[in-house]
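Visitor: One structure coming up, written as structure tokens, with questions to follow.
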Amino acid sequence: MLLEEQEFLKKLYQKDFDLIIRYIANMLHIKGISPEQISVLAEDLAQDTFHTASEKIRTVMSHPNPTAWLVVTARHKFQEYTRRANTESRWFVPSNELLENLPDPQHNPSSVLEEMGYTDTMEKIRQALSDEEFRLFSMMILNHASHKDASKELGITVWTSQKRLARIRDKLQELFFP
């Protein structure tokens, strides 16, 4: 990235980052996400929006309204997140009836799934994924951690966490729906 592009992105980030977070947080609030998760998810999606802007910096610089470009990109990131969350909930989250019978809300989700008869599915997933991939899968899918939290725990960047989870999804898609 050229120095001029870096400066443009830096100024855009300083000017619009909070706006993008508020925009995404509002959509998350409307979607019914818990208040505890809103700030973390909004920041993750805003960071992802600016990552996309950095990849397409020339397009953003030539756009007549770079802030509007960011808002549209943030909306797409939110829609992508919503689609992904809906897909994951169909694959991996038991129905509400099963959740009502959990003995302890802090119970390990992985062992709960196994106790409820998902042992074969969990075993297939464990075999398909490396130890590191399964750890990220457990954090993100079973424990609903944010990319920010997962990246800190694993010592990787948020972007790396997102890419690894995308690869994990691809592996599991191929495993369960060839």
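Visitor: Please go through region 108-131 and pick out each residue that is closer than 18 Å to HIS144 by Cα, of a type in the set (Val, Ile, Thr) and modelled with pLDDT of 55 or more.
Guide: Of everything in region 108-131, just one residue is closer than 18 Å to HIS144 by Cα, of a type in the set (Val, Ile, Thr) and modelled with pLDDT of 55 or more, namely ILE125.
Visitor: Please work out if ALA68 is surrounded by fewer than 14 Cβ atoms within 10 Å (Cβ to Cβ) and either modelled with pLDDT of 80 or more or among the aromatic types (Phe, Trp, Tyr) (or both).
Guide: Working: surrounded by fewer than 14 Cβ atoms within 10 Å (Cβ to Cβ): yes; either modelled with pLDDT of 80 or more or among the aromatic types (Phe, Trp, Tyr) (or both): yes.
Against the criterion (surrounded by fewer than 14 Cβ atoms within 10 Å (Cβ to Cβ) and either modelled with pLDDT of 80 or more or among the aromatic types (Phe, Trp, Tyr) (or both)), ALA68 qualifies.
Visitor: Then there is this: In region 147-178, how many residues are under 18 Å from ILE125 (Cβ atoms), among the aliphatic types (A, V, I, L, M) and buried (at least 17 other Cβ atoms within 10 Å of the Cβ)?
Guide: Qualifying residue count, region 147-178: 4.
Visitor: Follow-up. Would a scan of region 30-41 turn up a residue that is polar (S, T, N, Q), under 24 Å from ALA166 (Cβ atoms), at pLDDT 90 or above and assigned to a helix (DSSP H, G or I)?
Guide: Within region 30-41, not a single residue is polar (S, T, N, Q), under 24 Å from ALA166 (Cβ atoms), at pLDDT 90 or above and assigned to a helix (DSSP H, G or I).
Visitor: Here's a follow-up. In region 7-61, which residues are free of Cβ contacts under 8 Å to residues at least 12 places away in the same chain and surrounded by 15 or more Cβ atoms within 10 Å (Cβ to Cβ)?
Guide: Of everything in region 7-61, just one residue is free of Cβ contacts under 8 Å to residues at least 12 places away in the same chain and surrounded by 15 or more Cβ atoms within 10 Å (Cβ to Cβ), namely ILE33.
Visitor: Restricting attention to region 8-26, which residues are more than 14 Å from PRO66 (Cα to Cα) and among the acidic types (Asp, Glu)? Quick ask: steps written out before the conclusion?
Guide: First pass over region 8-26, keeping only residues more than 14 Å from PRO66 (Cα to Cα): 18, 21-26.
Selection gives ASP18 alone.
Visitor: Which residues, taken from region 121-146, are among the aromatic types (Phe, Trp, Tyr) and either surrounded by 19 or more Cβ atoms within 10 Å (Cβ to Cβ) or within 19 Å of GLN47 (Cα to Cα) (or both)? Spell out how you get there, then give the answer.
Guide: Going through region 121-146, the residues among the aromatic types (Phe, Trp, Tyr) turn out to be 134, 137.
Residue satisfying the conditions is PHE137 alone.
Visitor: Taking into account only those residues within region 147-178 that are at pLDDT below 85 and part of a loop (DSSP other than H, G, I, E, B), which is nearest to ALA42 (Cα to Cα)?
Guide: That would be PHE177.
The values are calculated or read from the model by the stated rules, or taken from the named source; none is laboratory data. No experiment lies behind these values; they were computed from the predicted model shown. Neighbour counts are summed over all protein chains in view; Cβ atoms, including those assigned to glycine, are modelled from backbone coordinates with ideal geometry.
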